[in-house]
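Scroll down for the structure; my scribbles are underneath it.
The values are calculated or read from the model by the stated rules, or taken from the named source; none is laboratory data. On a predicted model such as this, the values are computed, not experimentally measured, just so you know. FYI the Cβ positions are ideal-geometry reconstructions off the backbone, even for glycines, and counts take in every protein chain you see.
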């Protein structure tokens, strides 16, 4: 089969190779990959940012949509989708014509999504759900501030929070006309500080920060008493400062979320939970930019450039 693979870290070492088709073991299935998205974490993986975890040589890629060809007889022929923190890191990933995953890691693909749309949503949905509900415990009628709301994870978080009945304040430097947020603020506006102060008057219950850097302090300062904040990334400077006196007096909580700790089976459980939101059309697929697997290296390079609200999907 054809697959993108790297034997050493560095995007310049990513190659399209012909390798043997993997064989599923007991409890596993072989999926013919119809679409596999390129997430920023996939690129970072190739570049070596997760070198302590990733075992070489490796096929990258976490998200997938495809058809089961071998394994449990009840699954063969089914259109499925999935993602996982182990896929592409400790086991070969989805930037290939075939991938082997645990049978419990695949669930039926939502009929309303194309393969490309499903492949572009897996990790974004899992991250947003785990942050909002598993970490922060977001409840109906609470107020949520999403920082980085136009990105894939942020957009999914806005959709899920609105579906759950929360009031959502979205912040991003790129306007998102399709956002369901009740209030959308441009962080590069000259009046941003004043607009945010007005929007979060009295504080918010939950902050989901997908950006970090200077926005960490912005988010923390927006919390009301008993507020919870979730972080999923970090800038070059890993050190932050905040008012510890206010932090403990207001009974605040700060949560970290590393989705690499959620394996493919863990992620399947979350995607099954999200099925209700998908069926009722609360989760909207993003615009995708499709590339054939033969152009996969270029797709990874385009993801590095960023700046677009599109998810690159390899068919």
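The table below lists the values:
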{"read-out": "Identity of the residue in the stretch 82-97, assigned to a strand (DSSP E or B) and within 12 Å of residue 63 (Cβ to Cβ), that ends up nearest to the chain's Cα centre (by Cα)", "value": "82"}
{"read-out": "Some residue of the stretch 141-164 being within 19 Å of the chain's Cα centre (by Cα), surrounded by fewer than 22 Cβ atoms within 10 Å (Cβ to Cβ) and within 26 Å of residue 17 (Cα to Cα)", "value": "no"}
{"read-out": "Single unsatisfied condition, residue 190 versus (1) under 28 Å from residue 61 (Cβ atoms); (2) at pLDDT below 95", "value": "(1)"}
{"read-out": "Residue within the stretch 54-62 that is surrounded by fewer than 16 Cβ atoms within 10 Å (Cβ to Cβ) and either without any contact (Cβ under 8 Å) to a residue 12 or more places away in the chain or within 18 Å of the chain's Cα centre (by Cα) (or both) present", "value": "no"}
{"read-out": "Complete set of residues in the stretch 248-257 that are under 15 Å from the mean Cα position of the chain (by Cα) and without any contact (Cβ under 8 Å) to a residue 40 or more places away in the chain", "value": "256"}
{"read-out": "Single residue of 218, 234, 207 found to be under 23 Å from the mean Cα position of the chain (by Cα) and buried (at least 22 other Cβ atoms within 10 Å of the Cβ)", "value": "207"}
{"read-out": "Of all residues making up the stretch 37-75, the number that are assigned to a strand (DSSP E or B) and under 26 Å from residue 26 (Cβ atoms)", "value": "8"}
{"read-out": "Among the residues listed as 17, 12, 70, the single one being in contact with a strand residue (DSSP E or B) (Cβ under 8 Å, 6 or more places away or on another chain) and without any contact (Cβ under 8 Å) to a residue 24 or more places away in the chain", "value": "17"}
{"read-out": "Out of 289, 298, sole residue that is in contact with a strand residue (DSSP E or B) (Cβ under 8 Å, 6 or more places away or on another chain), more than 21 Å from residue 174 (Cα to Cα) and not assigned by TED's automatic domain parsing to the domain that holds residue 219", "value": "298"}
{"read-out": "Residue identified as within 30 Å of residue 295 (Cα to Cα) and either touching a helix residue (DSSP H, G or I) at 6+ places or on another chain (Cβ under 6 Å) or surrounded by fewer than 22 Cβ atoms within 10 Å (Cβ to Cβ) (or both) among 119, 128", "value": "128"}
{"read-out": "Filter result for residue 49 (at pLDDT 95 or above and either crowded, with 22+ Cβ neighbours inside 10 Å or more than 19 Å from residue 288 (Cβ to Cβ) (or both))", "value": "no"}
{"read-out": "Any hit, the stretch 291-299, residues being under 25 Å from residue 161 (Cα atoms) and touching a helix residue (DSSP H, G or I) at 6+ places or on another chain (Cβ under 7 Å)", "value": "no"}
{"read-out": "Neighbours by Cβ (under 9 Å, 6+ apart or cross-chain): first from the stretch 258-281, within 15 Å of residue 41 (Cα to Cα); second in a helix (DSSP H, G or I) and modelled with pLDDT under 95", "value": "259/41; 260/41"}
{"read-out": "Residue check for residue 243: in contact (Cβ under 8 Å) with a residue 24 or more places away in the chain, farther than 23 Å from residue 127 by Cβ and more than 24 Å from the chain's Cα centre (by Cα)", "value": "no"}
